[in-house]
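Take a look at the structure set out below.
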Amino acid sequence: MKIDGFLLAIIAAIALALAAPQLGSADGPLHLSRLTNIGVSLVFFLHGAGLSPQALKTGASNWRLHLLVQASTFLLFPALGFAIFAGARSWLPDETRLGIFYLCALSSTISSSVAMTALARGDVGAAVFNATLSGLLGMVITPFLVGLVATTASAHIPLLPAIVDVAQKLLLPFIGGQLARPLLVKILAPRKAWVTRIDRSVIVLIVYGAFCDSTSAGIWNRYAPLLIGEIGLIVAGLLVLALVFDTFGARALRLTREDEAVAVFCGSTKSLANGAPIASVLFAANPALGMILLPLVLYHLFQLIACSALARRYAARADRDAPARAAA
């Protein structure tokens with residue numbers, strides 16, 4: 001596996017925020033909240049402009065696969081998250097329980113799940129469809145689910161204002177990008193690397209600002225280092241359960257190997273690219289935003305490692321099956 005530069009940038013941002021939080025805190029000289037608000041809208045505008053409707057049509061027909069992926073993302077995960085949120089009240093802090101549930105309420109990742117599916121020789125069109133559908137549904141479902149549980153945690157989030165806020169700052173720019181696509185597609189197509197850099201830079205800034213605010217507020221001093229290990233074990237367990245559910249669910253539905261790869265990589269992953277911007281909207285005034293984002297950051301690390309290994313196994317399986325298919 002190659003070293004992931006994006007992940008290294010996030011780790012560096014967290015380390016800098018822990019060492020010198022004054023620079024990136026809400027009242028610091030960088031005014032990161034304004035910059036990230038603009039950046040988030042720009043990122044979702046570019047996502048909309050870069051999405052090909054034809055790619056969605058290509059992968060839209062396999063309804064059994066789509067039901068499995070979306071059920072894993074928005075039924076299985078929230079159910080597990082709520083069980084942890086309700087059951088761990090006596091031994092996990094409110095911010096940690098809310099962060100784990102927030103992770104579970106998020107949509108699937110787009111770029112990583114499609115890239116892993118391609119590496120695994122899966123159905124890329126179906127992966128694009130599911131990842132995009134998940135992201136669009138998540139702009140409504142995620143704030144709705146978080147609003148339901150946040151009333152019992154330390155952060156109260158009104159349901160309707162939360163959904164409206166996310167729609168204004170994320171969904172409207174996305175729709176604007178889709179409308180502007182005919183004008184921008186020729187400009188953006190050869191510059192995908194720059195779009196990716198903008199996307200990842202905004203996420204790093206959000207994580208940096210969140211951890212600066214949490215450090216300045218003394219959030220980390222309240223918890224023992226052992227808590228991070230506990231969070232890591234919990235999110236690793238969530239990933240394993242999701243991978244098992246999607247693998248055996250695909251086989252129970254008798255999906256092809258190509259579709260099974262889509263189910264595994266779209267149904268088990270969670271989007272840091274969507275999660276960080278949505279968190280910056282939902283928890284904008286919460287000094288514990290860094291702690292709320294921590295489970296998602298750890299999950300992102302684990303899913304990269306696990307899914308990279310699995311994608312190579314699927315690819316090896318495809319290579320073994322190729323002679324038999326050619327003979328048939």
_If you average the alpha carbon positions of the range 81-98 and of the range 256-297, how far apart do those two centres end up, in angstrom?_
18
*Which of A60, P287, L145 sits farthest toward the positive end of the charge dipole of the chain, with +1 on the Cβ of Lys and Arg and -1 on the Cβ of Asp and Glu?*
A60
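Can you tally the net charge around S52? Count Lys and Arg as +1, Asp and Glu as -1, for every other residue whose Cβ sits under 15 Å from the Cβ of S52.
Net charge in that neighbourhood comes out at +4.
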*asked:* Sort 218-225, 203-210 by packing, meaning the average of other beta carbons within 10 Å per residue, with the highest value first.
replied: 203-210, 218-225
_Relative exposure of H66, H300, judged by other C-beta atoms within 10 Å (fewest first)_ = H66, H300
*Place a +1 charge on the Cβ of each Lys and Arg in the chain and a -1 charge on the Cβ of each Asp and Glu, then give the dipole magnitude about the Cα centre in debye, rounded to the nearest 20.*
860
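What are the membrane-span-like helices in the chain by this rule: whole DSSP H runs, Cα extent along the axis at least 30 Å, mean Kyte-Doolittle hydropathy at least 0.0? If you can, show how the numbers build up before the last one.
Working: long enough: 124-150 (36 Å, 1.86); 192-216 (36 Å, 0.67); 226-252 (39 Å, 1.91); 289-327 (56 Å, 0.66).
Long hydrophobic helices here: 124-150, 192-216, 226-252, 289-327.
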*Please report the relative contact order for the chain, taking Cα pairs under 8 Å with a sequence separation of at least 6, and give it as a percent rounded to a whole number.*
32
*Please state the charge dipole magnitude for the range 1-103, taken about the Cα centre, from unit charges on C-beta atoms (+1 on K and R, -1 on D and E), reported in debye and rounded to the nearest 20.*
360
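What's the exposure ranking of I228, I163, I278, going from fewest to most Cβ atoms within 10 Å?
Placing the least packed residue first, the sequence is I228, I163, I278.
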*How compact and how long is the range 168-252, expressed as Rg and Dmax of its alpha-carbon atoms in Å?*
20.1, 53
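Readers should treat all values here as calculations from the given coordinates under stated rules, not as data from a laboratory. This one's a predicted model, so the numbers in the text were calculated from it and none came from an experiment. We place every Cβ from the backbone using ideal geometry, glycine too, and count neighbours over all the protein chains shown.
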